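First up is the structure itself, then whatever we jot down about it.
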Amino acid sequence: MKRLWTVPLLFIITLLLLLTGHYLSTLIVFAAAVAIIWISSWRKFFIIEPIVSVFRRAMPPLSATEREALESGTVWWDGELFSGKPDWTKLLAANKQELTGEEQAFLAGPVEQLCEQLNDWQINHQDHDLPPQVWDFIKQQQFFGLIIPKQYGGLGFSPLAHSQVIMKVASRSVTASVTVMVPNSLGPAELLLHYGTQKQKDYYLPRLARGEEVPCFALTGPEAGSDASNIPDKGIVCKREFEGKEITGILLNWEKRYITLGPVATLLGLAFHLYDPDHLLGDSFDGRDDIGITLALIPTDTPGIRIGQRHWPMGTAFQNGPNWGKDVFIPLDWIIGGVDYAGQGWHMLMESLAAGRSISLPALSAGAAKLACRITGAYAQIRKQFHQPIGHFEGIADVLGRMAGQTYMIDAVRRTTAQAVSAGERPAVLSAIAKYQLTEAMRRIVNDAMDVHGGKSICLGSHNVLANIYQTIPISITVEGANILTRNLIIFGQGAIRAHPYILQEMAALEAETGKQAVTQFNAIFSRHLLHTIRNIGRSVLLGVSKGRFSRAPPSPLRPLYQQINHLSAAMAVTTDFSLALLGGSLKRRESLSSRMGDVLSQLYLASCSLQNYEHNNEADDIDLARWAVEHAVFQAQQALINLLANLPNRFLGWLLKRLVFPLGPRYRPPSDKLTHRLAQQILQPGPVRDRLTAGIYLPADKDQVVQQLELTLALCVEAEPIEQMLRKATLSAESALQKGVISDDEFLLVVSARSARSQAIAVDHFSAQLEEAVL
């Protein structure tokens, strides 16, 4: 321990000698400091106790809900990134997860059949609901039971298969994907699997798997959205008559809104605040009146429940609406998990929320991004201006390349996060990163796709497959933790404490019952923390000078990118420690600062996933996609750090940290134009790279479907393009060239077919004067 403290002291003394040149006074200070360090009682009195006092003032006590949020989930790769020295073997050692034969058959069978039945224009603009036969098909084929184990009659699919199903359906219809997504994420099934009593599981899980119950979960209300921990909805433990007998139960009153599947649900999951004023629950709750947030399962035909009419989220037809409860009395055994889980609802929700953030929304984002990337690349090759495909203009190529690189990143994060869940992780922080970053990347990709399609994308109709995706983007941005909240408060606010190797331990030590115990525990932990910081300062300086060289990284064509992440990991660790030391608990209220730290962590995770995806797929032709994704993420992480340091309230500390983490200045650059344009070329024409990038989405076989029409037209246009170029150079029409024998009959037919297909592909819908009947 004494030697441990001497190491940072020598570091500080060396700095003083170099900066001041006052050798004698510096040595006197050093001797006094050594005495304080090596005499245990002096060290505690002069160093540890003042630090404990300062830290206690700087770090306010955690509320119960904050503590539950911090204790939920698991720490995985986020812990490695916060360590400053990530161990890449932990990320790359796991084999690439593959779908089982049964899962592949479900995707090729029922999922394909479901997509064939979906007409998004008709669903959203004419019927305003899924057709009855589609509802029946979803229930009969057990789409509501993807995650329910086979022993309860479900499909028992892996998280990756769950993700693949949602992604494929989302590429066809947002309404259908949300309908399938919700029962398999934050809903009764997920909660029952982890917390339900055996009786609850035996009764409800088979019914949910067979589609006999349509579930919803009611969390959000008018006064509790992002601040869901302060739910005003109340349940009072009391005695009342139920089914002819007096029992102890809960009298509930609530108001909820934005509840997906709520208008058609038969089974309502409810979050409420439980109180026991008469202490009828016994000694288990230490005589407390306030039991805490509790979850229950309630049939929607229970007296007192009123199901409202529908919300209309951005013109999309998935079922969503409000509901109310007025003096609804339920038995205690309707609490999910029974009385033993009363008051544990917030922890249960935080644990289960990882499923929606880890699986459902990343899958929806991937489906939208892949579809947008595939059809926009095709359209940019088909659509011509100034006698050449618009994709050949550098401005369009910049956009296409950006779309391709970000789509690769989205799919990499989707797969990596799903694989972590399959391995038993419940990545609270990383799932928040996946939700925030992937929905935002999807927004950028779809916006880019709209720009490239131009006028065609803004004219609604059955031939516009982008418009509905574009309209629904704000929904994914808002649900399961609004993105502004997630970025500003959750990613770093939770990650810095949960994933840091020492901070949570130090906070626990500060809450010890006696002062002596706190000092003793804190002394041991803080000493290791201090040495950890000193080591990371050294790594940050060395790796900042060398751009990460000399740090451990796997043998790979992308090895330098691994090493750059190593540098930025050390830089983030150093910046985190100094920022927390400067601002303490107030950092979570300095949202502009904490959000930038969250951006650094997020980008390092995105880069890590992209590298893992490249290594697992082992496709050499995909190296440009992986390189673009990682270079982009590394650059964004660097810029977030620079902006953070420029805005620290202590300007000297900002200046000092910049010299420690970027001793030679910023070293990393965004992807080059040359690389970006190579990516654009990959999606402008048919090929294996394009197919792998967009794998897993629904591609209709019907040539009259818009997506298939684009595919066929793309193939024709690519084949006809050399002939078209020759005709332009010769300034001949196709007819003249045929008459003069410049082109053959087959070549003439190819040009005519390509031009006809192009005209059809770029056409837009138009309607009657009353906007009722559409024609093309």
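How about region 263-291: which of its residues are among the β-branched types (Val, Ile, Thr) and either within 15 Å of Pro322 (Cα to Cα) or open to solvent by 30 Å² or more (accessible area, probe 1.4 Å) (or both)? The answer is Val264, Thr266.
Could you check region 216-259 and list, in sequence order, the residues that are open to solvent by 50 Å² or more (accessible area, probe 1.4 Å), touching a strand residue (DSSP E or B) at 6+ places or on another chain (Cβ under 7 Å) and assigned to a strand (DSSP E or B)? Residues satisfying the conditions are Lys234, Ile236, Lys239, Arg240, Glu246, Asn253, Glu255, Arg257, Tyr258.
When the residues of region 287-336 are filtered to those that are part of a strand (DSSP E or B) and of a type in the set (Lys, Arg), the one that is nearest to Ala176 (Cα to Cα) is Arg306. Note on region 722-754: residues that are exposed (fewer than 15 other Cβ atoms within 10 Å of the Cβ), of a type in the set (D, E, K, R) and closer than 18 Å to Ile390 by Cα amount to 1.
Could you list, in sequence order, all residues of region 712-721 that are out of contact with any Pro (no Cβ under 8 Å at 6 or more places or on another chain) and either among the basic types (Lys, Arg) or surrounded by fewer than 18 Cβ atoms within 10 Å (Cβ to Cβ) (or both)?
Once the filter is applied, which keeps residues that are out of contact with any Pro (no Cβ under 8 Å at 6 or more places or on another chain) and either among the basic types (Lys, Arg) or surrounded by fewer than 18 Cβ atoms within 10 Å (Cβ to Cβ) (or both), region 712-721 yields Leu712, Glu719.
The set of residues in region 72-109 being in a loop (DSSP other than H, G, I, E, B) and open to solvent by less than 20 Å² (accessible area, probe 1.4 Å) consists of Ser72, Gly73, Gly84, Pro86.
Here region 112-135 is the region considered, the condition is being hydrophobic (A, V, I, L, M, F, W, C) and not in a loop (DSSP other than H, G, I, E, B), and the residue that is surrounded by the fewest Cβ atoms within 10 Å (Cβ to Cβ) is Trp135.
Among the residues making up region 512-534, a single one is farther than 18 Å from Ala581 by Cα, of a type in the set (D, E, K, R) and either at pLDDT 75 or above or not in a helix (DSSP H, G or I) (or both): Glu513.
The residues on offer are Gln164, Gln140, and the sole one that is under 26 Å from the mean Cα position of the chain (by Cα) and not hydrophobic (A, V, I, L, M, F, W, C) is Gln164.
Rundown of residues vs (1) more than 14 Å from Cys115 (Cα to Cα); (2) open to solvent by less than 20 Å² (accessible area, probe 1.4 Å); (3) touching a residue at least 40 places away in the same chain (Cβ under 8 Å); (4) among the aliphatic types (A, V, I, L, M), yes/no style:
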| site | (1), (2), (3), (4) |
| --- | --- |
| Phe137 | no, no, no, no |
| Gln142 | yes, no, yes, no |
| Ile148 | yes, yes, yes, yes |
| Gln164 | no, no, yes, no |
| Met167 | no, yes, yes, yes |
| Ala176 | no, yes, yes, yes |
| Asn184 | yes, yes, yes, no |
| Pro188 | yes, yes, yes, no |
| Leu192 | yes, yes, yes, yes |
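Name the residues in region 387-404 that are surrounded by fewer than 24 Cβ atoms within 10 Å (Cβ to Cβ) and assigned to a helix (DSSP H, G or I), would you? Answer for region 387-404, where residues must be surrounded by fewer than 24 Cβ atoms within 10 Å (Cβ to Cβ) and assigned to a helix (DSSP H, G or I): Ile390, His392, Glu394, Gly395, Ile396, Ala397, Asp398, Val399, Arg402. Considering only residues of region 755-771 that are over 24 Å from Gln685 (Cα atoms) and of a type in the set (A, V, I, L, M), which is least open to solvent (accessible area, probe 1.4 Å)? Selected residue: Ala769.
Can you find, within region 654-664, the residue that is nearest to Lys370 (Cα to Cα) among those that are part of a loop (DSSP other than H, G, I, E, B) and open to solvent by less than 60 Å² (accessible area, probe 1.4 Å)?
Residues of region 654-664 that are part of a loop (DSSP other than H, G, I, E, B), as a first pass: 662-664.
Next, only the ones that are open to solvent by less than 60 Å² (accessible area, probe 1.4 Å) stay: 662-663.
On the way: Phe662: 36, Pro663: 40 Å.
Per the criteria, the residue is Phe662.
Condition check for Pro686 on (1) part of a helix (DSSP H, G or I); (2) touching a residue at least 12 places away in the same chain (Cβ under 8 Å): one failure, at (1). The residues in region 181-230 that are under 24 Å from His273 (Cα atoms), among the aliphatic types (A, V, I, L, M) and touching a Gly at 6+ places or on another chain (Cβ under 6 Å) can be counted, and the count is 1. Taking region 306-328 as the range and being surrounded by 19 or more Cβ atoms within 10 Å (Cβ to Cβ) and touching a Lys or Arg at 6+ places or on another chain (Cβ under 6 Å) as the test, the residues that pass are Gly321, Pro322, Asn323. Considered as a group, the residues in region 551-589 that are in contact (Cβ under 8 Å) with a residue 12 or more places away in the chain and not in a helix (DSSP H, G or I) include one that is most open to solvent (accessible area, probe 1.4 Å), and that residue is Arg552. Out of Arg667, Arg690, Arg627, Arg651, one residue alone is in contact with a helix residue (DSSP H, G or I) (Cβ under 9 Å, 6 or more places away or on another chain) and surrounded by fewer than 20 Cβ atoms within 10 Å (Cβ to Cβ). It is Arg667.
Apart from one condition, Pro362 fits all of (1) free of Cβ contacts under 8 Å to residues at least 60 places away in the same chain; (2) buried (at least 19 other Cβ atoms within 10 Å of the Cβ); (3) touching a helix residue (DSSP H, G or I) at 6+ places or on another chain (Cβ under 6 Å); the exception is (1).
The values are calculated or read from the model by the stated rules, or taken from the named source; none is laboratory data. Every value quoted in this text rests on a predicted model; they were computed, and no experiment measured them. So basically every Cβ, Gly included, is an ideal-geometry build from the backbone, and we count neighbours across all protein chains shown. Each accessible area value is taken on the protein alone, full model and side chains, heavy atoms only, with ligands, DNA and RNA left out. Shrake-Rupley method; radii C 1.70, N 1.55, O 1.52, S 1.80 Å.
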